[in-house]
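The values are calculated or read from the model by the stated rules, or taken from the named source; none is laboratory data. Owing to the predicted nature of the structure, the values given are computational and were not obtained by experimental measurement. For neighbour counting, all protein chains shown are included, and Cβ atoms are generated from backbone atoms with ideal geometry for every residue, glycine included. Side chains are part of the model used for accessible areas, which takes the heavy atoms of the whole protein and leaves out ligands, DNA and RNA. Shrake-Rupley method; radii C 1.70, N 1.55, O 1.52, S 1.80 Å.
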Amino acid sequence: MIMQFNEIDIEDLKNIALKAGEIIMEIYKKDFSIDFKDDKSPLTEADLKSNEFICNELNKLYPNIPIMSEENKQIPYEERKDWEYYFCVDPIDGTKEFIKKNGEFTINIALIKNNIPYLGVVYAPALNELYWADGKNSYKNNEKLPLFINKNPKEKISVVASKSHLSAETQDFIDKLDSKKIEQISKGSSLKLCMVAEGVADIYPRLAPTMEWDTTAADAIVRCSGKMTYQYENNKPMVYNKENLLNPWFVVR
């Protein structure tokens, strides 16, 4: 029997993320080796152990739902294009921040339905911050989002941008924003999308490459907080499970 979509429990996804966080933090606290993938991006023991744990747990609980993960072999588009729903996993988003030991890395688990993120969990274990979206609302550590609303963005606007990947195009976009005072914050990983959902940032422009697993879980949190992740070129909402898993440039607001 194929499990029905509404039988997927957000509490299961939260518990998996919390336990993966414990595995990661054991490695984070000690010296660990760093390898590099074919695309020159870093890979640690923590990425692999977190991925193995998350995928095993999801397979146990929801054996009929396919998984797309950054650290798994990618499934051909011909095979996945007809998926009605699937889990999208990034076992550590912000591996560079993990290596720098600045705490700004996350575990991302999303459930995608018809190419749109529906459920999402983003857990930053070093910061003790847990964000999730249950398909209706978004939360941070049990508080419903947004926590803050900027009533006068023309006077002051807060912009969050990447700590390790700030492109010239993104900076140019920020410099042209229509507000008397622009406050610019740097942050690692998918926490940037969560900050917009939370209301501590008003906008997150990403005019630089990302992959689908970098954004899906946090995008669910953005959407369930009443905000949206828009494609930069056409201002339409982001979609997932594309033939090319590279995201277009986007703006969260």
Got a sec? Which of ASN15, ASN51, ASN108 is modelled with pLDDT of 95 or more, polar (S, T, N, Q), within 24 Å of ILE221 (Cα to Cα) and not in a helix (DSSP H, G or I)? ASN108
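Looking only at region 121-165, count every residue that is free of Cβ contacts under 8 Å to residues at least 24 places away in the same chain and not aromatic (Phe, Trp, Tyr) and tell me the total.
Quick first cut of region 121-165, residues free of Cβ contacts under 8 Å to residues at least 24 places away in the same chain only: 128, 139, 141-144, 151-152.
Applying the additional criterion that residues be not aromatic (Phe, Trp, Tyr) yields 128, 141-144, 151-152.
Counting residues in region 121-165 that are free of Cβ contacts under 8 Å to residues at least 24 places away in the same chain and not aromatic (Phe, Trp, Tyr) gives 7.
Return the residue satisfying two criteria in turn: it lies in region 68-85 and is among the aromatic types (Phe, Trp, Tyr) and out of contact with any helix residue (DSSP H, G or I) (no Cβ under 7 Å at 6 or more places or on another chain), and of such residues it is surrounded by the most Cβ atoms within 10 Å (Cβ to Cβ).
Residues of region 68-85 that are among the aromatic types (Phe, Trp, Tyr), as a first pass: 77, 83, 85.
With out of contact with any helix residue (DSSP H, G or I) (no Cβ under 7 Å at 6 or more places or on another chain) added as a condition, the list becomes 77, 83.
Working: TYR77: 12, TRP83: 16.
Across region 68-85, the extreme among qualifying residues is TRP83.
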Looking at region 173-185, can you tell me whether even one residue there is open to solvent by less than 10 Å² (accessible area, probe 1.4 Å) and closer than 22 Å to ASP93 by Cα? no
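Against the condition part of a loop (DSSP other than H, G, I, E, B), in contact (Cβ under 8 Å) with a residue 60 or more places away in the chain and not basic (Lys, Arg), how does GLU71 come out, does it pass? Reasoning before the result, please.
Details: part of a loop (DSSP other than H, G, I, E, B): yes; in contact (Cβ under 8 Å) with a residue 60 or more places away in the chain: no; not basic (Lys, Arg): yes.
Here the answer is no, as GLU71 does not meet what is asked.
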Enumerate the pairs (first residue in region 240-253 and buried (at least 17 other Cβ atoms within 10 Å of the Cβ); second residue anywhere and among the basic types (Lys, Arg) and outside any loop (DSSP other than H, G, I, E, B)) with beta-carbon separation below 7 Å, excluding pairs fewer than 6 apart on the same chain, so at least 6 apart or on different chains. ASN241/ARG80; TRP249/ARG206; PHE250/ARG206
Of the residues that make up region 36-46, is at least one of a type in the set (D, E, K, R), on the phi > 0 side of the Ramachandran plot and open to solvent by 70 Å² or more (accessible area, probe 1.4 Å)? yes
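Take the residues in region 207-223 that are farther than 29 Å from LYS181 by Cβ and of a type outside the set (S, T, N, Q), then tell me which one is surrounded by the most Cβ atoms within 10 Å (Cβ to Cβ).
Just the residues of region 207-223 that are farther than 29 Å from LYS181 by Cβ, to begin with: 209, 211-214, 216-217, 220.
Filter again for of a type outside the set (S, T, N, Q), leaving 209, 211-214, 217, 220.
Numbers: PRO209: 12, MET211: 17, GLU212: 23, TRP213: 24, ASP214: 23, ALA217: 35, ALA220: 33.
Checking each candidate, the answer is ALA217.
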Could you identify the single residue in TYR230, TYR204 that is part of a strand (DSSP E or B) and either among the aliphatic types (A, V, I, L, M) or open to solvent by 40 Å² or more (accessible area, probe 1.4 Å) (or both)? TYR230
Restricted to region 2-35, and to residues that are among the aliphatic types (A, V, I, L, M) and exposed (fewer than 14 other Cβ atoms within 10 Å of the Cβ), which residue is nearest to LEU119 (Cα to Cα)? MET3
Could you tell me which numbered condition SER164 fails, if it satisfies all but one of (1) open to solvent by 20 Å² or more (accessible area, probe 1.4 Å); (2) in a strand (DSSP E or B); (3) of a type in the set (Ser, Thr, Tyr)? (2)
Testing ASP172 on (1) over 28 Å from LEU111 (Cα atoms); (2) assigned to a loop (DSSP other than H, G, I, E, B), one condition comes back false. Which one is that? (2)
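Of the residues VAL196, VAL239, VAL222, only one is of a type in the set (Val, Ile, Thr), more than 20 Å from ALA168 (Cβ to Cβ) and in a loop (DSSP other than H, G, I, E, B); which? If you could, list the steps in order and put the result at the bottom.
Values: VAL196 fails: in a loop (DSSP other than H, G, I, E, B); VAL222 fails: in a loop (DSSP other than H, G, I, E, B).
VAL239 is the lone residue from the list that is of a type in the set (Val, Ile, Thr), more than 20 Å from ALA168 (Cβ to Cβ) and in a loop (DSSP other than H, G, I, E, B).
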Scan region 123-142 for residues that are in contact with a Lys or Arg (Cβ under 9 Å, 6 or more places away or on another chain), assigned to a strand (DSSP E or B) and among the aliphatic types (A, V, I, L, M) and jot them down. LEU130, ALA133
